[in-house]
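The next block holds one structure in the form of structure tokens; read it before the comments.
The values are calculated or read from the model by the stated rules, or taken from the named source; none is laboratory data. From a predicted model like this one, the values you see are computed outputs, not experimental measurements. FYI the Cβ positions are ideal-geometry reconstructions off the backbone, even for glycines, and counts take in every protein chain you see.
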Amino acid sequence: MMVNIAEALPIHAAAIARVHDAAFGQPNEGRLVEMLHDTGRVVLSLIAANQGEVVAHALFSRVTLEPVVEGVQWVALGPIGVLPQLQRQGIGTRLVTEGLDRCRFQGYDGVVLLGDPAYYSRFGFVPARDFNLTSDYGDGPAFQALGLHPTSAALQSLRKVIYSPEFAAAGPG
Ligand SMILES: CC(C)(COP(=O)(O)OP(=O)(O)OC[C@H]1O[C@@H](n2cnc3c(N)ncnc32)[C@H](O)[C@@H]1OP(=O)(O)O)[C@@H](O)C(=O)NCCC(=O)NCCS
């Protein structure tokens, strides 16, 4: 399937929520996207479109480190969703790789996410603990990180990734 990757516009909001509702089978992720847009935490909102229809979406938003590291800004990837009937055709891969490129180009230091390592390791994600990062959501294998620059080496000492409050408010993933 041929899809175009583009930055989401406000007119795409309803279609994006529908994609997540279908992909996750619950309203929490679509709600999370709307909340993060409303509170200005969004770094990058990418859609995949086929013949003008939104078929997939990925969101990158700012997180904070605690204690703060001056001049260092990480982002969180999520949610990412592809319409069920179009999964496993490489669309998710295109959204992730394009999103990582754009975040790198914009100068962000790295990306964290909560997801299945079997999927995300192919993009270079490793356990976030390798970067000296932990999170409110624990630091098990699902919590992964990727440095975007050669200089985004592990932090000097342990930092906690604080997700935007919208992640908790939107409900469990
Ligand atoms: C996860 C998701 C975004 C991946 O997008 P996609 O377009 O289906 O994935 P791609 O086609 O790019 O990649 C497919 C590959 O990923 C693998 N894959 C897909 N989902 C996977 C998962 N949950 N766990 C492990 N591997 C997975 C497939 O086996 C396939 O591998 P292969 O090419 O080696 O056979 C999509 O399947 C989706 O929306 N799922 C439901 C919502 C969800 O779980 N989102 C992610 C939460 S972290």
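For Leu113, are the conditions met, namely being closer than 23 Å to Glu166 by Cα and either more than 12 Å from the ligand (Cβ to nearest atom) or of a type outside the set (Phe, Trp, Tyr) (or both)?
Taking the combined requirement at face value, the residue satisfies it.
Being touching a residue at least 40 places away in the same chain (Cβ under 8 Å) and assigned to a helix (DSSP H, G or I) is the filter; apply it to the range 7-18 and report the residue that is farthest from the ligand (Cβ to nearest atom).
His12
Among the residues of the range 52-71, is there at least one that is touching a Lys or Arg at 6+ places or on another chain (Cβ under 7 Å) and closer than 22 Å to Phe24 by Cα?
yes
Pairs, please: C-beta under 8 Å, at least 6 apart or cross-chain, first residue more than 22 Å from Leu148 (Cα to Cα) and of a type in the set (Val, Ile, Thr) and in the range 76-89, second modelled with pLDDT of 95 or more and within 7 Å of the ligand (Cβ to nearest atom)?
Within 8 Å, the pairs are Val82/Ala23; Val82/Ala56; Val82/Ile91; Val82/Gly92.
Only one of His12, His57 is on the phi < 0 side of the Ramachandran plot, crowded, with 16+ Cβ neighbours inside 10 Å, at pLDDT 95 or above and in contact with a Gly (Cβ under 7 Å, 6 or more places away or on another chain); which? Write out each step before concluding.
Details: His12 fails: in contact with a Gly (Cβ under 7 Å, 6 or more places away or on another chain).
Of His12, His57, the one residue that is on the phi < 0 side of the Ramachandran plot, crowded, with 16+ Cβ neighbours inside 10 Å, at pLDDT 95 or above and in contact with a Gly (Cβ under 7 Å, 6 or more places away or on another chain) is His57.
With the checklist (1) within 16 Å of the ligand (Cβ to nearest atom); (2) over 25 Å from Arg18 (Cα atoms); (3) part of a loop (DSSP other than H, G, I, E, B) in hand, flag the one item Gly173 doesn't pass.
Failing condition for Gly173: (2).
Consider Ser45 against the criteria (1) at pLDDT 95 or above; (2) more than 29 Å from Leu133 (Cα to Cα): it satisfies all of them except one. Which criterion is unmet?
Going through the list (1) at pLDDT 95 or above; (2) more than 29 Å from Leu133 (Cα to Cα), Ser45 breaks only (2).
If you take the residues of the range 142-162 that are modelled with pLDDT of 95 or more and under 24 Å from Thr93 (Cα atoms), which of them is surrounded by the fewest Cβ atoms within 10 Å (Cβ to Cβ)?
Among them, the one singled out is Ala142.
Restrict the check to the range 43-50 and report whether at least one residue is without any contact (Cβ under 8 Å) to a residue 12 or more places away in the chain and surrounded by fewer than 20 Cβ atoms within 10 Å (Cβ to Cβ).
Looking through the range 43-50, none of the residues is without any contact (Cβ under 8 Å) to a residue 12 or more places away in the chain and surrounded by fewer than 20 Cβ atoms within 10 Å (Cβ to Cβ).
Would you please name the residue that is farthest from the ligand (Cβ to nearest atom), looking only at residues in the range 76-110 that are among the β-branched types (Val, Ile, Thr) and within 25 Å of Asn28 (Cβ to Cβ)?
Going residue by residue through the range 76-110, those that are among the β-branched types (Val, Ile, Thr) are 80, 82, 91, 93, 96-97.
Those left that are additionally within 25 Å of Asn28 (Cβ to Cβ): 80, 82, 91, 93, 96.
Working: Ile80: 5, Val82: 4, Ile91: 4, Thr93: 3, Val96: 7 Å.
In this case the residue turns out to be Val96.
Just need a number here: residues in the range 19-45 that are within 12 Å of the ligand (Cβ to nearest atom) and not in a helix (DSSP H, G or I).
2
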